[in-house]
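Worksheet: the structure to be examined is printed underneath.
The values are calculated or read from the model by the stated rules, or taken from the named source; none is laboratory data. Computed from a predicted model, the values in this text were never measured in an experiment. Cβ atoms come from the backbone with ideal geometry, glycine included; neighbour counts cover every protein chain shown. Note: accessible area is taken over every heavy atom of the protein model, side chains too, but ligands, DNA and RNA are not part of it. Shrake-Rupley method; radii C 1.70, N 1.55, O 1.52, S 1.80 Å.
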Amino acid sequence: MINDIDKTIENLLKKNLPQKIANIDINDLHISFDRPDNTFTLSPAVNIFLYNIEENIERRSSRMAFVQGKNDPGTNKANVKNYPPINVSFSYIITAWATSIAEEHAILGELMKVLVSFPRIPAEALSGTLEGLTPLPYAYSILPDSFEDIGGFWQTIGWVKPSLNYKVMLDVNVQKAQEVRLVKKVATAFATK
């Protein structure tokens, strides 16, 4: 599933970035999901590194959905109890790699414009298991305090690079639906003295 999110982000960028960015043809721009450290050698490139996955507790729902089964005469079709999905955030740090700082900044600027333009990832960008997903995933970029310890991250990597934060939020089904038998007859009895 995470690979499908990666491919979805790649689709979104490839379909919406301009053909040329600072003398770089978009067909020459590599898109990578590697760790952004000083051993990274692709250039020109956009690196989209997944650094955090977490459930959005504030969006958790305990409401179950019941889908009524079809009751053909003489059959005992069951109702289905669906558990609510959990809402999960996938957080990425995005960096640009080129032969000059000016080219990197130009790439980041174009990335920012594309990512901000799509607060919901469009259906045509969805890939693999995400195809046909409803509701469409939310996506956020340029969030204040979206990565509280950005300095700590770059210190761990060993150096500093300008970056964009990008978060994709989507519902993930984690429990299988269960059959619930229909109540066909209710009998009540009253005791008398």
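Is it true that LEU170 is under 30 Å from ASP37 (Cα atoms) and either at pLDDT 85 or above or charged (D, E, K, R) (or both)?
Details: under 30 Å from ASP37 (Cα atoms): yes; either at pLDDT 85 or above or charged (D, E, K, R) (or both): yes.
Yes; evaluated as a whole, the condition is true for this residue.
Starting from residues that are surrounded by fewer than 16 Cβ atoms within 10 Å (Cβ to Cβ) and part of a helix (DSSP H, G or I), keep the ones in the range 115-127 and report whichever is nearest to the chain's Cα centre (by Cα). The extreme case among them is ALA123. Of the listed requirements (1) at pLDDT below 90; (2) under 19 Å from the mean Cα position of the chain (by Cα), ASN71 misses just one: (2).
Can you tell me which residue among PRO18, PRO44 is over 26 Å from LEU130 (Cβ atoms) and modelled with pLDDT of 90 or more? Spell out how you get there, then give the answer.
On the way: PRO18 fails: over 26 Å from LEU130 (Cβ atoms).
Exactly one residue qualifies, and that residue is PRO44.
For the range 8-39, the candidate set comprises residues that are over 15 Å from ILE93 (Cβ atoms) and part of a loop (DSSP other than H, G, I, E, B); within that set, the residue that is most open to solvent (accessible area, probe 1.4 Å) is ASN23.
Listed by first and then second residue, the pairs with beta-carbon distance under 8 Å, at least 6 apart or on different chains, first residue in the range 103-119 and without any contact (Cβ under 8 Å) to a residue 40 or more places away in the chain, second in a helix (DSSP H, G or I) and open to solvent by 40 Å² or more (accessible area, probe 1.4 Å), form an empty list.
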